[in-house]
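Read the structure below first, then the notes.
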Amino acid sequence: MQKKSMFQGVIACLFILGMSATAFGFGTDKFKEELGKEQEAVKLTREVQQGGYGIVTTEELKGMIDTDKNLLIIDTMPYEDSYKKNHVPGAKQFLFPIPDMKEWDAKETGGKSVEDFKALLGPDKNRTIVVYCGFVKCTRSHNGAVWAKKLGYTKVLRYPGGIFAWKGAGYPADTVQ
């Protein structure tokens, strides 16, 4: 019985050491992590180039919200699963899919038409429009920004960090009751 107890203690210590090593960065492959960061950065850069829109950081968006009263912010995440629970203050919701949406597909936009999107964007083609989704890898915001550009809007920005970066910066998020 004493050997079994000692064996369990050794296993528990090894488990705790393993968890601590991971938590403090030991045992991670910094080279593979950097490769992953590079792949994400290049993917985002190519999407921005292809889409013809700009990008904005969390701090820049916060400054815009504080100063630009004509700013339109669009959350492209699903209403029930995301927008309702957390969104950037003042953001309007309009669903876009993750895969590239080259042609308008109302099945992918929650049944909404291109005319519905135009109505949300409004008549001022020079209004600053910021489109975001959940996080950097999410491409819903890419689709929303591309479609705003296709419709002739000139000041379209993508906020790639999305609601995760917004909350990560400690900024308050709105909810729908």
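A few notes on this one:
- Looking only at segment 134-154, and only at residues there that are modelled with pLDDT of 95 or more and of a type in the set (A, V, I, L, M, F, W, C), the one that is surrounded by the most Cβ atoms within 10 Å (Cβ to Cβ): Ala145
- Which listed residue, of Asp116, Asp124, Asp81, is assigned to a loop (DSSP other than H, G, I, E, B) and acidic (Asp, Glu): Asp124
- Residue within segment 115-129 that is in contact with a helix residue (DSSP H, G or I) (Cβ under 9 Å, 6 or more places away or on another chain) and buried (at least 23 other Cβ atoms within 10 Å of the Cβ) present: yes
- Candidates in segment 156-170 are the residues that are in contact (Cβ under 8 Å) with a residue 60 or more places away in the chain and either surrounded by fewer than 16 Cβ atoms within 10 Å (Cβ to Cβ) or of a type in the set (Lys, Arg) (or both); of these, the one that is nearest to Glu47 (Cα to Cα) is Arg158.
- Evaluation of Asp75 against (1) among the charged types (D, E, K, R); (2) closer than 20 Å to Ala173 by Cβ; (3) under 17 Å from the mean Cα position of the chain (by Cα); (4) loosely packed, with under 14 Cβ neighbours inside 10 Å (one fails), failing number: (4)
- Where a residue in segment 37-49 is within 14 Å of Asp100 (Cα to Cα) and its partner, wherever it lies, is β-branched (Val, Ile, Thr) and not in a helix (DSSP H, G or I), with Cβ under 6 Å and at least six apart: Val48/Ile55
- When Glu33, Glu40 are screened for being closer than 27 Å to Leu157 by Cβ, modelled with pLDDT under 95, assigned to a helix (DSSP H, G or I) and out of contact with any strand residue (DSSP E or B) (no Cβ under 6 Å at 6 or more places or on another chain), only Glu40 passes.
- Subset tally (residues that are more than 13 Å from the chain's Cα centre (by Cα), under 19 Å from Ala148 (Cα atoms) and free of Cβ contacts under 8 Å to residues at least 40 places away in the same chain) for segment 78-98: 2
- In segment 102-115, the residues that are modelled with pLDDT of 95 or more form Cβ pairs under 7 Å with partners that are not in a loop (DSSP other than H, G, I, E, B), at six or more places apart or across chains, as follows: Trp104/Val114.
The values are calculated or read from the model by the stated rules, or taken from the named source; none is laboratory data. Quick caveat: nothing in here was measured; it's all calculated off a predicted structure. Positions of Cβ are generated from backbone atoms using ideal geometry, with glycine treated the same way; all protein chains shown enter the neighbour counts.
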